[in-house]
Amino acid sequence: MPDRSDSFVPTVPGGVLLLALLATAIVLALAWPPAVPPPVVPATAEATAFSAERARVHLRELTRSPRPAGTTAHAAAREYLLDALRGLDLAPEVQRATGVRRSGGMLRAAAVVNVMARMPGTDSSAAVVLLSHYDSVPSAPGASDAGHGVAAILEAVRALRAGGPLRNDVIVLITDAEEMGLLGAQAWVDEHPWAADTGIVLNAEGRGYTGPVQMFRTTAGNGRMIRTLAQAAPYPAAVSLANEIFKRLPNDTDLTVFEKAGHAGMDFANVHGLTHYHTPLDNFDNADPRTLQHHGGYLLSLARAFGDMDLASLAAPDRVYFSLPVLGMVHYPQAWALPMAALAVLLLVVVAIAAHRRDAWRVTGVMLGVVHLAAALVLLPLMAIGAWHLLAGLLPEVAWFSHGSPYGSGRYLLGIGLLATALYAVSFVSVGRRLAPADLLLAATVSWAALAVASALHMPGASYLFLWPLLFATAGLACWRPRAMHHPFALVVALGLTAWPAVLLLAPVIEGVEVALTLDRVAMPVALLVLGLGLLALQIELLRRSLGPAVPGLLAVTGLAVLAAAVLGAGIDSQRRKANGVHYIADLDADAARWYSLDPAPDEWTRLYLGDDPERAALPEWAPAQLIGAGRVVWQRPAPVLRSRGPHAELLADDPTEQGRRMRFRLTAPPGAHSTVIRFPGAPAISGLRIDGREVPPDALTREPTLVYYAMRAEGAELEIFAADRAPVKLYLRSNILGLPPTDDGAMPLRPDHLMPASQLGDLTRLQRSLTFP
């Protein structure tokens, strides 16, 4: 049995020093330059530099109001872009087309207008494409999504023009209808001749309103891209873990379209501030200029680097990569992941055997340590879930958001994390009476070794997260000899530094998981925290010996104080708005209409539509269940049919074919329609479909396809279907019109400043009808 009465007793200064080392690692992980946006470069900077102050002139003009495709504000933004590009001595062009793409289980189409310009290179083999989109969702001015990207491109191009010519062409591509399903990008890749010249795509996106810009996704064969990013970008922030996760999510960006067409590229986005995403709060005043500076730093530096590179030989084997303070971006081939994991396991075995020979651990102790870690991995995330549910009930905005992220969500994660750490430390003291610290550390390293091997096999881009903390924790185990240590401060420093990789790598991932998945998934960041604490067994033991119960007590008090301050500071105002909404739906066939709301309760604004005593029930059968979920109860009230002009389909031709019939329709939508849904309920099998002359691939069709057509032109759209037989064809049409009709008394009430639309589409009028063609 290990000897618990060794002669080494750390002093209070030693414990304080160890705490300082760990705290320094946390600060470096969360506050070094790539972890926060860089400082803004002023407008007085040299012409070849990127200045967010200059770029914000463009951002202000682009974000004066929401600019969904097909609206007057959208057209005004396009004209501004064309004028800005002409002001840079470029010859901009527009591409007018119909974009068609299958996305989210349905076909999507839109009349799109892409904006583009080209800077010729001296000896171009392929072009660098600077990509973003200029449309926004109807409820948001879109400063971050993607006004930052567009403004950054304009300023980056100005800086490029101020320097010498590049070897490769640079294509400015500002797409349309990204928010509607990447339709502008799809039309450009499918139809525009410049698409064939694409060498690499640099796509600037945004979610939220602030934070550093992460390079979160690359296309396959990213080796040379990653090396260039590490060498050229002034503040590179990127982890291959994000790339692995994104590949497994249903999310897409415009880069997805280019990737499927075989083009190389990288995605860049800021992701902090989900409460502002797709809401009126994503506006110019809230947009962080430092985030814009970070966007521009990437685009300008990488445009120059790739602009002077032979892009024909860009592809190279994928790499593992991550960012560290001082060292910058660390990267190596993915092919090394499994051998390095195997080497780490081998080193752990060697160090564990040596530690066992000096009686530092015992088998039963490690087994009990595994049980302790497993219990902590179950109980502490459960505690976090309970704590969040309790806190959520105290926060006025949470019930009204669909995403589970309150304003200032990081404060709640910090408080819950401190409480979880305090409880872990208390449990450590309890089991520490029977177990040596090496027992607990070895139990954790065995778990980390399994994760390192599993990730190297199945998610090599994520393997670094488990490999490097494991290696340094193994080093900590190798130097754990308190009974033979005559220089206790040397031991404190050694163990402090061996803990740094775990802290430096895990801290931003724990924060990033919360940012990406919200506090509704708080169990995941807390589970990662527990895994990290398992690797800090030796450090926790030294703190226990130095400072006694002061550490868990201090952690608990600090955590409670953070949570109390966050809750007391919560509230609804013009900068922390509550999200609410009302929709109007009318069935023109049934001559029936309803006001309805998905909100948890009526409020002072929604009652103006719902009345003082709204019904809480499922909508009538004529209302499509997919709008709100089958059988879901909502607040509602009967309404008069206030508009008689709904979507319409005119049969232009009906010709027999060998397989059945070919029918050609002219579809029209009422004024202000954001989208029109076309369904074929009970129709014969659709064997072919053309939208504005563009043929839909057969593998994109289903038995009863659903088509959503966005931003339909005033003259309408042409739909051609090929049916399998001569049976009658029924079309179900529903137009979603931006805004609401007047209330019963003819008023158009404005929302107070402390409220905002709950849906990214804002308030909607839905008009539906069905037509049957024999």
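The values are calculated or read from the model by the stated rules, or taken from the named source; none is laboratory data. Just so it is clear, the structure is predicted and the values come from calculations on it, not from any experiment. FYI the Cβ positions are ideal-geometry reconstructions off the backbone, even for glycines, and counts take in every protein chain you see. Keep in mind that these areas ignore ligands, DNA and RNA; they rest on the heavy atoms of the full protein, side chains included. Shrake-Rupley method; radii C 1.70, N 1.55, O 1.52, S 1.80 Å.
Any residue that is outside any loop (DSSP other than H, G, I, E, B) and open to solvent by less than 60 Å² (accessible area, probe 1.4 Å) - is there at least one of those in region 599-608?
We begin by selecting, within region 599-608, every residue outside any loop (DSSP other than H, G, I, E, B); these are 607-608.
Subsequent filtering for residues that are open to solvent by less than 60 Å² (accessible area, probe 1.4 Å) retains none.
No, that holds for no residue.
Could you say which residue among Ala420, Ala399 is in contact with a Pro (Cβ under 7 Å, 6 or more places away or on another chain) and touching a residue at least 60 places away in the same chain (Cβ under 8 Å)? First the steps, then the outcome.
Details: Ala420 fails: in contact with a Pro (Cβ under 7 Å, 6 or more places away or on another chain).
Sole residue among the options that is in contact with a Pro (Cβ under 7 Å, 6 or more places away or on another chain) and touching a residue at least 60 places away in the same chain (Cβ under 8 Å): Ala399.
Please determine whether any residue of region 441-448 is assigned to a helix (DSSP H, G or I), within 26 Å of Ala387 (Cβ to Cβ) and open to solvent by 10 Å² or more (accessible area, probe 1.4 Å).
Looking for residues that are assigned to a helix (DSSP H, G or I), within 26 Å of Ala387 (Cβ to Cβ) and open to solvent by 10 Å² or more (accessible area, probe 1.4 Å), one finds at least one in region 441-448, hence yes.
For region 416-426, indicate whether the set of residues that are modelled with pLDDT of 95 or more, open to solvent by less than 20 Å² (accessible area, probe 1.4 Å), closer than 25 Å to Leu440 by Cβ and not aliphatic (A, V, I, L, M) is non-empty.
yes
Looking at Val453 and the list (1) in a loop (DSSP other than H, G, I, E, B); (2) open to solvent by 40 Å² or more (accessible area, probe 1.4 Å), which single condition is not satisfied?
Of the numbered conditions (1) in a loop (DSSP other than H, G, I, E, B); (2) open to solvent by 40 Å² or more (accessible area, probe 1.4 Å), the odd one out for Val453 is (1).
For region 94-108, does any single residue satisfy the condition of being closer than 24 Å to Ala303 by Cβ and either surrounded by 17 or more Cβ atoms within 10 Å (Cβ to Cβ) or of a type in the set (Ser, Thr, Tyr) (or both)? Please lay out each step first, then the result.
The first filter runs over region 94-108 and keeps only residues closer than 24 Å to Ala303 by Cβ, leaving 94-95.
Next, only the ones that are either surrounded by 17 or more Cβ atoms within 10 Å (Cβ to Cβ) or of a type in the set (Ser, Thr, Tyr) (or both) stay: 95.
Within region 94-108 (the criterion being closer than 24 Å to Ala303 by Cβ and either surrounded by 17 or more Cβ atoms within 10 Å (Cβ to Cβ) or of a type in the set (Ser, Thr, Tyr) (or both)), the answer is yes, since at least one residue qualifies.
Sort out which residues of region 37-88 are closer than 14 Å to Gly142 by Cβ, aliphatic (A, V, I, L, M) and assigned to a helix (DSSP H, G or I), and write them in order of number.
Leu59, Leu62, Ala73, Ala76, Ala77, Leu81
Would a scan of region 638-648 turn up a residue that is assigned to a strand (DSSP E or B) and among the basic types (Lys, Arg)?
No, region 638-648 has no match at all.
Among Ala312, Ala303, which is the only one that is surrounded by fewer than 24 Cβ atoms within 10 Å (Cβ to Cβ), small (Gly, Ala, Ser) and closer than 29 Å to Ala162 by Cβ?
Numbers: Ala303 fails: surrounded by fewer than 24 Cβ atoms within 10 Å (Cβ to Cβ).
Criteria check complete, one pass: Ala312.
So which of Leu470, Leu465 ends up being under 21 Å from Asp439 (Cα atoms), part of a helix (DSSP H, G or I) and either hydrophobic (A, V, I, L, M, F, W, C) or open to solvent by less than 20 Å² (accessible area, probe 1.4 Å) (or both)? Spell out the reasoning first.
Numbers: Leu465 fails: under 21 Å from Asp439 (Cα atoms).
Result of the check over Leu470, Leu465: Leu470.
Please pick out the residue among Leu394, Leu477, Leu435 that is more than 30 Å from Gln760 (Cα to Cα) and either in a loop (DSSP other than H, G, I, E, B) or touching a Lys or Arg at 6+ places or on another chain (Cβ under 7 Å) (or both).
Values: Leu394 fails: more than 30 Å from Gln760 (Cα to Cα); Leu477 fails: either in a loop (DSSP other than H, G, I, E, B) or touching a Lys or Arg at 6+ places or on another chain (Cβ under 7 Å) (or both).
Testing whether each residue is more than 30 Å from Gln760 (Cα to Cα) and either in a loop (DSSP other than H, G, I, E, B) or touching a Lys or Arg at 6+ places or on another chain (Cβ under 7 Å) (or both) leaves just Leu435.
Select, from Pro38, Pro42, Pro13, Pro33, the only residue that is at pLDDT below 90, under 39 Å from the mean Cα position of the chain (by Cα) and surrounded by fewer than 20 Cβ atoms within 10 Å (Cβ to Cβ). Walk me through it before giving the result.
Working: Pro38 fails: at pLDDT below 90; Pro42 fails: at pLDDT below 90; Pro13 fails: under 39 Å from the mean Cα position of the chain (by Cα).
Sole residue among the options that is at pLDDT below 90, under 39 Å from the mean Cα position of the chain (by Cα) and surrounded by fewer than 20 Cβ atoms within 10 Å (Cβ to Cβ): Pro33.
Among all residue pairs at least 6 apart or on different chains, which show Cβ distances below 9 Å where the first residue, located in region 562-582, is among the basic types (Lys, Arg) and the second is open to solvent by 30 Å² or more (accessible area, probe 1.4 Å) and part of a helix (DSSP H, G or I)?
As it stands, the answer is Lys578/Trp400, since those pairs meet every condition given.
Does region 731-742 contain at least one residue that is in contact with a Leu (Cβ under 9 Å, 6 or more places away or on another chain), closer than 26 Å to Leu642 by Cβ and basic (Lys, Arg)?
Yes: region 731-742 contains one or more residues that are in contact with a Leu (Cβ under 9 Å, 6 or more places away or on another chain), closer than 26 Å to Leu642 by Cβ and basic (Lys, Arg).
Any chance region 764-771 includes a residue that's within 16 Å of Ser597 (Cα to Cα) and open to solvent by 50 Å² or more (accessible area, probe 1.4 Å)?
There is no residue in region 764-771 that is within 16 Å of Ser597 (Cα to Cα) and open to solvent by 50 Å² or more (accessible area, probe 1.4 Å).
For region 269-285, does any single residue satisfy the condition of being within 30 Å of Thr210 (Cα to Cα), open to solvent by less than 50 Å² (accessible area, probe 1.4 Å), hydroxyl-bearing (Ser, Thr, Tyr) and part of a helix (DSSP H, G or I)?
Taking every residue of region 269-285 in turn, at least one turns out to be within 30 Å of Thr210 (Cα to Cα), open to solvent by less than 50 Å² (accessible area, probe 1.4 Å), hydroxyl-bearing (Ser, Thr, Tyr) and part of a helix (DSSP H, G or I).
Out of region 328-347, which residues are open to solvent by 70 Å² or more (accessible area, probe 1.4 Å) and either among the aromatic types (Phe, Trp, Tyr) or over 27 Å from His458 (Cβ atoms) (or both)? First the steps, then the outcome.
In the first step, residues of region 328-347 are kept if they are open to solvent by 70 Å² or more (accessible area, probe 1.4 Å); the result is 335-336, 338-339, 343, 346-347.
Trp336, the sole residue that qualifies.
Six or more apart or on different chains, Cβ atoms under 6 Å: show the pairs whose first residue is in region 641-659 and closer than 14 Å to Leu719 by Cα and at pLDDT 90 or above and whose second is open to solvent by 80 Å² or more (accessible area, probe 1.4 Å) and in a strand (DSSP E or B).
Between residues of region 641-659 that are closer than 14 Å to Leu719 by Cα and at pLDDT 90 or above and residues that are open to solvent by 80 Å² or more (accessible area, probe 1.4 Å) and in a strand (DSSP E or B), there is no close pair.
For Ala490, indicate whether it is open to solvent by 30 Å² or more (accessible area, probe 1.4 Å), modelled with pLDDT under 95 and under 16 Å from Ala23 (Cα atoms).
no
Pairs needed: first member in region 617-635, on the phi > 0 side of the Ramachandran plot; second member anywhere, in a loop (DSSP other than H, G, I, E, B); C-beta distance under 6 Å; at least 6 residues apart or different chains.
Here the result reads Gly631/Ala618, each pair linking region 617-635 to a residue that is in a loop (DSSP other than H, G, I, E, B).
Hey, does region 693-708 have a residue that's of a type in the set (Ser, Thr, Tyr), outside any loop (DSSP other than H, G, I, E, B) and open to solvent by less than 20 Å² (accessible area, probe 1.4 Å)?
Restricting attention to region 693-708, the residues satisfying the condition of being of a type in the set (Ser, Thr, Tyr) are 702, 706.
Imposing the further condition that a residue be outside any loop (DSSP other than H, G, I, E, B) reduces the set to 706.
In the following step, the residues that additionally are open to solvent by less than 20 Å² (accessible area, probe 1.4 Å) were identified as none.
No - not one qualifying residue is present in region 693-708.
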